[in-house]
Every structure is written in structure tokens, then in C-alpha cells.
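This report concerns only the one structure given below.
Derivation of every value follows stated rules applied to the coordinates shown; laboratory data play no part. Quick caveat, the model's predicted, so the values are computed rather than measured. We place every Cβ from the backbone using ideal geometry, glycine too, and count neighbours over all the protein chains shown.
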Amino acid sequence: MKKYLAAILSLLTLAASAHAQTCTLVVDASNLRIKINKNIYGQFSEHLGNCIYDGIWVGEKSKIPNTNGIRNDVIEALKRIRVPVLRWPGGCFADEYHWKDGIGPHEKRPAMINTNWGGVTEDNSFGTHEFLELCRQIGCEPYFSGNVGSGTVQELSQWVEYVNSDNVSPMTELRKKNGQEKSWGVKYWGIGNESWGCGGNMRPEFYADQTRRYGTYMREYGQNKLFKIACGASSDDYQWTEVMMKNALGHMSGLSLHHYAFNDGKTAADFNEGGWFAMMKNTLLMEEYVTKHSAVMDAYDPNKKVALVVDEWGTWYKVEPGTNPGFLFQQNTMRDAITAACNLNIFNNHCDRVRMANIAQMVNVLQAMILTKEDKMILTPTYHVFDIFKVHQNALWVKTTVQSPDYVYNNEKLPAMNCSASIDENGKLHISLCNIDPRSTQQIDCELKKYKVQSVSGQILTANEMNAHNSFEKPNVVAPQKFAKFSLSKGGLTVSLPPMSVVVLELEGSCELASALEIKNPKSGILYEYYEGYWKNLPAFNGLSAKRSGVLDQFVIPDNNSGENFAVRYSGYIKIPTDGLYTFYINSDDGTDLVIDDNLIVDNDGQHASVEQSSTAVLKAGYHQIKVGFFQAGGGKAFDVSIEGPNIAKQIIPAAWLFN
Ligand code: AHR
């Protein structure tokens with residue numbers, strides 16, 4: 001009763017102080033170049049508490065409806081939010097996990113003690129094959145976290161071979177004996193986890209060398225290319241990032257970052273506005289961390305080839321009463337939904353560097369999407385944020401500029417509103433808005449640049465109480481609703497964003513694209529100029545004199561080249577068949593770049609082995625200027641320029657599209 005009265009009182013207090021603030025927002029669809037990598041919406045599942053066991057894996061004999069031992073209800077829910085990638089088996093667990101204990105007949109698998117999480121017995125009934133089956137059922141990419149802390153180089157090397165090789169070898173024979181004929185071709189591999197802590201308490205210099213060493217023996221087999229993710233910093237440890245970039249660049253495709261918003265020792269739903277504000281403040285630190293780690297990375301990797309992978313993030317509270325403290329089981333409230341939206345907006349807005357993120361964790365642990373109790377399952381407010389934000393996956397990032405009022409609490413302030421936006425392949429513009437202020441409505445005056453809107457719809461996630469949450473008894477207290485508090489205005493729209501809410505608007509309309517060029521009497525083929533010299537990067541062609549020039553049908557290396565130490569500049573026009581989003585790819589050894597209408601689209605510069613880089617442009621049908629640079633130093637040689645577009649599968653740019 002006391003609790004009930006307190007809740008009513010807090011609600012009345014909030015209502016009494018509710019007021020509206022004005023906010024301006026500019027959504028600028030003019031320079032659409034960067035895709036929001038869908039992997040930002042990734043998940044993490046560790047052998048921790050009831051994440052894997054009971055939450056996902058119940059075994060084939062369970063009464064809980066399952067497919068090959070994996071819960072059907074959980075899979076169905078995960079498919080709905082389009083989980084793109086799943087990290088496993090840890091976390092701290094990964095650095096004590098010996099993968100060979102988790103393959104072969106279940107009854108023969110040895111048990112181990114899960115020393116990190118509750119000291120419980122791990123019977124290894126969920127291992128490599130089961131995890132890959134889980135990913136198959138969800139339809140997501142697997143991301144293995146390798147054991148560097150207590151495992152050998154050989155052990156990790158053999159895991160990659162077992163999973164990815166189709167050669168004849170003891171590892172591939174073992175895999176076939178265990179029922180899997182063909183390799184799975186897993187791309188994402190982590191080299192240890194939190195190696196500065198539970199993963200071995202290493203110093204960055206030592207770990208950077210371990211990254212080089214372990215990474216060397218994580219081999220690529222056939223077409224199965226690897227994306228190696230090195231262990232990165234915790235929160236604001238910029239020194240770690242600095243040392244890794246200095247000492248291990250060239251040995252990793254991604255560098256991780258972990259940041260948890262911890263609270264003051266209270267359970268998830270037990271807080272007042274002070275607890276709300278503290279969690280918002282802690283969460284919004286992510287903006288600072290991502291910005292500063294990216295700046296450190298930029299100094300060593302200005303072309304942003306190494307991804308920042310935020311492979312653990314979320315809220316962390318005291319566990320629910322009566323549960324094992326080592327199981328990290330917590331409820332999930334409206335406060336968590338808001339923090340999830342803030343983080344996803346931050347990642348979207350840093351999508352040039354942040355190309356994967358994995359919330360901790362997927363089921364029953366920390367800021368979970370799903371909570372289970374025997375055969376029951378509920379979806380958390382955080383799940384619903386992932387659901388309404390999924391429209392940003394692989395969409396083109398749109399720049400937003402917000403002038404936000406402050407959310408003030410006890411003389412401290414935070415920006416009340418944050419947002420991100422993107423345009424999907426159908427030309428729909430999605431704007432995700434988040435109001436962290438539990439008392440004030442944000443009246444948003446939104447200007448749309450270079451986008452003609454025809455109609456708008458929206459979804460909202462909000463609640464009357466800060467600690468509103470879903471329970472097994474009341475599973476739908478916090479769930480998305482239709483949102484209609486907006487109106488179209490000249491040049492944009494106005495939106496009334498309620499206190500503590502997350503809104504995703506869907507705008508149907510079209511981008512105002514720059515017009516195509518008028519070309520009189522275009523001739524087939526692309527012009528080229530051939531140069532000789534030694535370069536480490538693409539030369540400044542304008543200051544050089546070409547040895548010869550001519551016309552080629554397509555982007556190919558001209559014959560009669562010197563074999564090494566030469567460069568080619570191509571220029572002409574590409575005829576785009578229909579308005580839409582096009583992705584340009586260049587695979588090259590050594591460096592290349594591609595410019596459309598004076599905008600640098602693909603940067604694949606520098607001396608390197610065969611590497612593919614890609615980027616996108618939204619183009620109007622018709623002629624556009626295209627320029628490609630290529631240089632060859634020594635060693636191998638490769639050069640392919642491809643395109644993918646609306647109803648056009650990825651292909652080498654056809655000769656019929658090229659003119660001069
Ligand atoms: O997600 C829980 C734990 O938090 C992970 O195992 C570890 O990597 C981090 O410290």
C-alpha cells in the first residue's frame with residue numbers, strides 16, 4: 001500500500017511539474033553517403049545466469065516448444081527485431097572457454113565450473129554447433145569471442161579452422177564427424193575479451209602483441225574472410241586505444257569499446273528522479289567516449305578502416321531480490337528504454353566509425369530484450385526500442401542538428417532531446433526522437449532540407465511512470481503505440497514529444513536529388529591517363545604529366561603497363577538508369593579512389609593487398625561525372641570497380657554505362 005501511494009505521489013509530482021519546452025531540429029538529407037551498419041543493432045549472449053540455459057537453450061527433450069533444443073518463442077521474438085549479429089560465448093566466460101569441450105556427443109562433453117558467473121556447473125551442452133544453429137534460426141551473423149586469456153594460440157587457430165575450413169585436415173574431419181559437412185564461414189572473431197580485466201589483466205602493450213600473435217594464426221580459408229575484433233578500452237581508457245592503434249593497426253578490422261551505465265546499488269525499478277537523472281548522465285557519456293576514442297583512432301587511421309565495435313553496452317543494476325547475484329538478472333523499465341534509444345541514436349550518428357554494437361545481453365541478463373520464466377516469455381521496454389529503431393538498419397545516415405533545451409535536475413543539466421535519422425532503400429525517411437526529461441514535453445520545430453514529405457506516421461514508446469515495466473503478470477504495460485502528435489508545416493513538421501518518450505517517425509516522400517548532367521553526343525568508353533612513378537598513396541594527378549592516354553571500355557588496368565610503380569587516372573561519365581541509392585565497390589591492390597560529381601565516394605587508398613571498400617550515393621537517373629584513381633607499387637595487383645543499385649545486383653560497372 002505504501003509503495004502504491006508513493007508511486008501515485010511521484011506521478012502527481014511529475015504531472016504537476018509537466019510543461020512544454022521548445023526545441024529546433026534540422027534534418028538535412030543533402031549528403032547521403034554513409035550507411036548505418038545494421039550490426040549496430042547487434043546482441044550479446046554469454047554463458048551467464050539464464051541467458052543461454054533456459055533463456056535460449058532448453059534441449060530437445062524439453063516441454064517448452066523448441067526447434068533443435070532452442071526455444072521457439074524466443075526465436076520468433078528475435079526474428080521480429082531483425083537481430084543482425086550475435087556475440088558469444090562471452091564476456092568474461094570466453095577467456096575460460098575451451099571450445100573442444102562443447103562439441104561432439106552431449107553425454108561425452110566434460111563439465112566445467114563457470115568461475116565468473118555464480119560458480120555453477122557448465123555442462124557444455126550448448127557449444128559451437130548449437131550456437132551456429134541458434135544464429136541460423138534467428139537469421140543473424142555469428143560473432144565468436146576467442147579465448148586469449150587462458151587458451152593457446154593453437155586452440156584459437158584450430159577453432160577458426162574447424163568452423164571455416166573446407167580443406168582436408170584433422171579439424172575439418174572432426175567437424176564432419178560431428179555432423180557438419182560444410183564449413184560455416186564465420187566472419188566475425190574476437191581476439192579475447194576485456195583483456196585488461198577478466199580476460200587476463202594485461203597491459204595494453206602486452207595485449208597489442210598478443211593481438212598480433214593470435215591474429216596471425218587465425219587463418220582465412222577459401223572465400224571465408226575474417227573480420228578480427230581486438231579487445232578495446234573500457235569507458236574512458238583512451239590510453240588503451242592509443243597503444244592498440246599504435247602497435248596493432250593492420251592486425252585488426254575492429255577495436256572494441258565497453259561501457260556500462262552502473263547505478264548506485266539499487267534494483268532496476270527502485271528509483272526516484274535522482275536515480276533517473278544519474279542513469280541518463282551515465283548513459284550520455286557514451287557520446288563523449290565514442291567521440292574521443294574515434295579521435296584517437298582517426299590520428300592513426302584517418303580513412304576509418306578499423307571499426308569501433310561497442311560490443312558490450314547497457315545498464316547494470318543490483319540483481320532482483322532472491323536471484324543469484326552471479327546471474328545478473330534485472331528488470332527493465334521505461335528508464336532502460338530511454339537509455340537504449342540514447343545509445344542507438346549515438347551509434348547511428350557515429351556510423352562512420354561505429355560499425356557494430358552488441359547490447360548486454362540478449363535474454364535474462366543485464367539490459368535484456370527478453371525475460372523468461374519457465375515456458376513464459378516477456379518482451380522488455382528495451383526490446384521495443386530495438387523493434388521501432390530497426391528501420392535504421394543499413395539505411396543511409398541523415399545528418400540532424402538539434403538545439404535542445406536542458407533537462408535540469410538538482411542544478412545539473414543534460415540535453416533533453418536527442419535524435420538520429422536515416423533514409424531507407426525505399427526512400428522513406430525515419431527520424432528517431434528521444435526525450436529524456438520525465439517532466440517536460442518537447443515542442444519540436446523540425447526543418448527538412450532536401451526532402452519533400454508527403455505523409456507522416458509514427459510510433460511512440462512511453463509510460464506514465466518512470467519505472468513502468470512489463471512483468472509476467474502484466475506483459476504489455478510498456479509497448480509501442482501509434483503516435484500522431486505531429487503536423488506538417490511549410491518546409492518541415494512540428495512534433496510534440498511527450499515527457500520520457502521515444503518516437504520514431506516515418507516520412508514518405510522523396511529526396512531532392514542534385515540533377516544529372518546534360519551531355520551532348522556522349523561517346524562510349526572511359527578516358528584514361530597512364531603515369532609512371534613510385535607512390536605510397538594515390539598521387540596528385542594534376543601536377544603530373546601522363547606517359548600516355550586513351551579510351552577503355554571499362555575500368556581495367558591498361559595493357560603495356562610497367563608491371564609495378566605506375567598509376568592510372570580514369571575520367572568520364574556514368575549513366576545511371578533510375579533514381580535511387582547506388583553502392584560503389586572498389587577491390588584493389590594497391591590504392592584507389594572513386595569520385596562522383598566531385599564527391600569522394602570510395603576511398604581505398606594506400607599500399608595494401610587486395611581489399612574491397614564501398615560506399616553509397618543517391619543519384620538521379622542520367623549522366624554523372626565519374627573519376628577513378630588507381631596506383632600500383634609492387635607485389636600483387638587487383639582492380640575491380642563494381643556497382644549495386646535498385647533491382648541491380650552487385651556487378652562490375654558495365655561498359656554500356658560508361659561514356660566520355
Ligand atoms: O556482460 C557481463 C560482463 O561484463 C561480461 O562478461 C564482461 O565482459 C563485462 O565485464
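Quick notes
- Neighbour-count ranking [beta-carbon atoms within 10 angstrom, fewest first] of Thr315, Thr333: Thr315, Thr333
- Based on the Kirkwood approach, the hydrodynamic radius assigned to the range 368-475 is 16.5 Å, with every pair of different Cα atoms included.
- Hull-based mean projected area of the range 565-660, where the convex hull spans the alpha carbons, in square nanometres: 5.6
- Among the listed pairs Lys225/Lys292; Lys390/Lys482; Lys428/Lys650; Lys428/Lys482; Lys228/Lys292, those beyond 28 Å (Cα-Cα): Lys225/Lys292
- Under a model in which nothing but the beta-carbon of Lys, Arg (+1) and Asp, Glu (-1) is charged, the chain shows a dipole of about 900 debye around its Cα centre.
- With contacts taken as Cα pairs under 8 Å and at least 6 residues apart, the chain reaches a relative contact order of 14 percent.
- Using the Cβ-Cβ distance between Asp101 and Asp597 with R0 = 45 Å, the FRET efficiency computed as 1/(1 + (r/R0)^6) comes to roughly 0.20.
- About the centre of its Cα atoms, the range 75-186 shows a dipole size close to 360 debye [charges on the beta carbon of Lys, Arg (+1) and Asp, Glu (-1) only; nearest 20 debye].
- Kirkwood-Stokes translational diffusion coefficient of the range 78-127, alpha-carbon pairs, 25 °C, 0.890 mPa s, µm²/s: 200
- Extension gain, Asn542 to Glu473, is 17.7 nm, computed as 0.36 nm per intervening residue step minus the present C-alpha separation.
- Modelled this way, with points 7 Å down the Cα-to-C-beta line, the labels at Thr67 and His608 are 3.7 nm from one another.
- Selected from Val556, Ile601, Ala655, residue furthest toward positive end of dipole (the range 526-659; charges at beta carbon): Ala655
- Quotient of Cα Rg and 2.2 N^0.38 Å for the range 108-257, N being how many residues it contains: 1.09
- Of the residues Ser642, Val163, Ser256, the one whose Cα sits farthest toward the positive end of the charge dipole of the chain, with +1 on the Cβ of Lys and Arg and -1 on the Cβ of Asp and Glu, is Ser642.
- Straightening the chain between Lys108 and Ser562 buys 157.3 nm, computed as 0.36 nm per residue apart minus the Cα-Cα spacing.
- A straight Cα-to-Cα reach below 13 Å connects Lys536 with the aspartates and glutamates Glu564, Asp589, Asp590, Asp605, residues fewer than 8 places away in its own chain not being considered.
- Positive-end extreme of charge dipole, the chain - chosen from His469, Gly215, Asn343 (charges on Cβ): His469
- Candidate aspartates and glutamates for bridging to Lys246, where Cα separation is under 17 Å - those fewer than 8 sequence places away on the same chain excluded: Glu205, Asp209, Asp237, Asp298, Asp301
- Between Asn272 and Lys318, the simple spin-label model (points 7 angstrom out along Cα→Cβ) gives 1.6 nm.
- Cβ-Cβ distance of Thr121 and Ser150, R₀ of 22 Å, FRET efficiency by 1/(1 + (r/R0)^6): the value works out to about 0.75.
- Multiplying the residue separation of Asn426 and Ala295 by 0.36 nm and subtracting their alpha-carbon distance yields 43.8 nm.
- Note on Ser571 and Glu60: the model spin-label points, each 7 Å out from Cα along the C-beta direction, lie 6.6 nm apart.
- In terms of surrounding Cβ atoms within a 10 Å radius of their Cβ, Ser562, Ser615 rank from fewest to most as Ser562, Ser615.
- Entry note, the range 202-271: relative contact order of 39 percent, from Cα contacts under 8 Å with a spacing of 6+ residues.
- Kirkwood Rh (inverse of mean 1/r, distinct Cα pairs), the range 38-392, angstrom: 20.4
- Cross-link partners of Lys63 among lysines (Cα-Cα below 20 Å; sequence separation of 8 or more within a chain): Lys373, Lys376
- Cα-centre dipole for the range 526-659 with unit charges at Cβ (Lys and Arg positive, Asp and Glu negative), debye to 20: 240
- Restraint check, Lys38/Lys523; Lys266/Lys413; Lys61/Lys318; Lys187/Lys266, Cα-Cα greater than 30 Å: Lys38/Lys523; Lys61/Lys318; Lys187/Lys266
- In the chain, the sites counted are chymotrypsin sites (Phe, Trp or Tyr not before Pro) in DSSP loop states with at most 13 other Cβ atoms within 10 Å, and the longest stretch holding none of them, exclusive of the sites, is 1-471.
- Scattering profile of the chain at q = 0.06, 0.11 Å⁻¹ [log10 I(q)/I(0), Debye over alpha-carbon scatterers]: -0.37, -1.18
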